[in-house]
Amino acid sequence: MKEMTTRDFRNQSAEASHNATLRAVLTHATGYFMGKRAASLDAFPGRDEHFARARAARLNALSRLPELLEELERNATAAGTQVHWAADAAEARALITGIAQAVGARVIVKGKSMVTEEIALNPALEAAGAEVWETDLGEFIVQLAKEPPSHIIAPAIHKSRQDVAELFAEKLNLHGQSIPELTLLARQALREKFLAADMGITGANMAVAQTGSVILVENEGNIRMSTTCPPVHVALMSLEKVVATLEDAADLLRVLPRSATGQKMSSYVSVLTGPRKQGETDGAREMHLVILDNGRSGLLADPVLREALACFRCGACLNSCPVYQTIGGHAYGSVYSGPIGTLLSSLLLPPDQTRDLPYGCTLCGACARTCPLGINHPKLMLALRQRVAGERANPFAAAHSMLARHPLAYRFAATAARALDPHLELLTRLPGMSGLAEFVDSRQPPELKKPFSARGRAAKKEQK
């Protein structure tokens, strides 16, 4: 698979939109998720109240973030967890690689974690001599395929059952066809890795400041094994994932699985408060929590766009998005895709790498209607577009903005422009006029040569 980048989003999305096989797989998978979600929420008593409580828990945490992070560090340390702070991806990689080297970790098992993908952790660990295994089934599949994940909760959503069967045969010399068969083959391949692992690495769905606990949610049991079989567990958490209390965590857990996978509760919910205590038989003997910033503190200070940090990664906005359903996740060129991925990537990566991402949105509002936390993705997309437009400001855009505020001047300018229309292409060749080219389209069909306002008036007459 060729490398995808956010800079080339236009070309990547155009290419992906012509992939009929990809669209068919995405339509089936996202439709399945949305069907399960709808059924679960229809049977959820007091749904709107629970949504409001979950949103309040996230916004409260963001409003008190520095205070809660300090409380989390105190209580996690008191429970025996070693807490580390990472300002950026490079520092986080160095910290975790250093822990692995200090404990002599040769085999590392990982639970599904988008933030470890964000910082490109696996290549750093492998470069340091460790053998790294993704243990979530979807992550295991894309690791074998040497691809990044294409969905927040379903990393291999772009793969068909036949794709996975062929991949297992090629990479593992294991042969199966049905989903249960393929799942069993993956389990057999990974079980020995759990038993041999020197260290387990996970993300964190949330961390509780009140108790110093890390909460992990899953359906396969691989995270539980990654945190209990190896003697050392490292959890990597982006700093916005903290919540104030266990009650706030419970409010979020009532909503998250229903919105993500249509379940009342995920199969496994692990609440880890420090390493194994004396007399206990389960759990890692050593636990580390790495708290990552990587641009989030700057986003927290943004009064307009900070709302994006409220997301708890249920993935529902991706499943409801017509653009994601058409192009999939890889076309975005980032770990995070779809509506929330566009926002996070645009806010966490350098602006010159993500200018086109906010324009890959129809502003249909499906994401905002679907989001259980009430994040207004289209509003934030428009704010990003305004900023991009400001960076790209040119005299023609400024002139159009002025004319749009004065109807009479606009009509006069439009009339003059129509008179000049046959000569506009020639004007773009004059010195200093190249900026006009983006407004000129010589391919315009004849029926559109008539002014839009005139066509609108004619349509009204026909309706009458």
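Where a number appears in this text, it was derived from the coordinates with a stated rule and is not lab data. Given the structure is predicted, the values throughout are model-derived calculations rather than measurements. Every residue, glycine as well, gets a Cβ built from its backbone with ideal geometry; the counts of neighbours run over all protein chains shown.
Here the spin labels are modelled as points 7 Å beyond Cα on the Cα-Cβ line, and at LYS2 and ARG457 they lie 4.9 nm apart. Each of ASP352, ASP251, ASP8 was scored by other Cβ atoms within 10 Å of its Cβ. Listed from fewest to most, they are ASP352, ASP8, ASP251. With a cut-off of 19 Å on the backbone N, the residues of segment 174-218 near the modelled label site 7 Å out from THR245 along Cα-Cβ are 206-215. For the chain, the list of Cys residues with no other Cys C-beta under 4.7 Å reads CYS229, CYS311, CYS314, CYS321, CYS361, CYS364, CYS371.
Under the definition of Cα pairs under 8 Å and six or more residues apart, what whole-number percent is the relative contact order of the chain? Could the numbers behind the result be given before it?
Values: 732 pairs, mean separation 97.2, N = 464.
So the answer I get is 21 percent.
Exposure proxy check: GLU462, GLU147, GLU117, GLU166 ranked by fewest other beta carbons within 10 Å? Could you put the intermediate results ahead of the total?
Numbers: GLU462 6, GLU147 17, GLU117 20, GLU166 13.
Listing GLU462, GLU147, GLU117, GLU166 from fewest to most nearby Cβ atoms yields GLU462, GLU166, GLU147, GLU117.
Every helix of 4 or more DSSP H residues in the chain counts as -39500 (n - 2.57), and over all residues that averages to -15500 deg cm²/dmol at 222 nm. In this structure, LEU59 and ASN11 have a Cβ-Cβ separation that, at R0 = 35 Å, corresponds to a calculated FRET efficiency of about 0.40. Magnitude of the charge dipole for the chain, about its Cα centre and with charges confined to Cβ atoms of Lys, Arg (+1) and Asp, Glu (-1), is about 2040 debye.
When the charge dipole of the chain is built from unit charges on Cβ atoms (+1 for Lys and Arg, -1 for Asp and Glu) and taken about the Cα centre, the candidate among PRO180, SER334, ALA458 whose Cα reaches farthest toward its positive end is ALA458.
Legend: residue pairs LYS110/LYS241; LYS112/LYS379; LYS112/LYS171; LYS2/LYS379; LYS2/LYS193, Cα-Cα distance threshold 27 Å; pairs beyond threshold, LYS112/LYS379; LYS2/LYS379; LYS2/LYS193. Taking Cα centre as origin and charging only the Cβ of basic (Lys, Arg, +1) and acidic (Asp, Glu, -1) residues, the dipole magnitude of segment 73-297 rounds to 400 debye.
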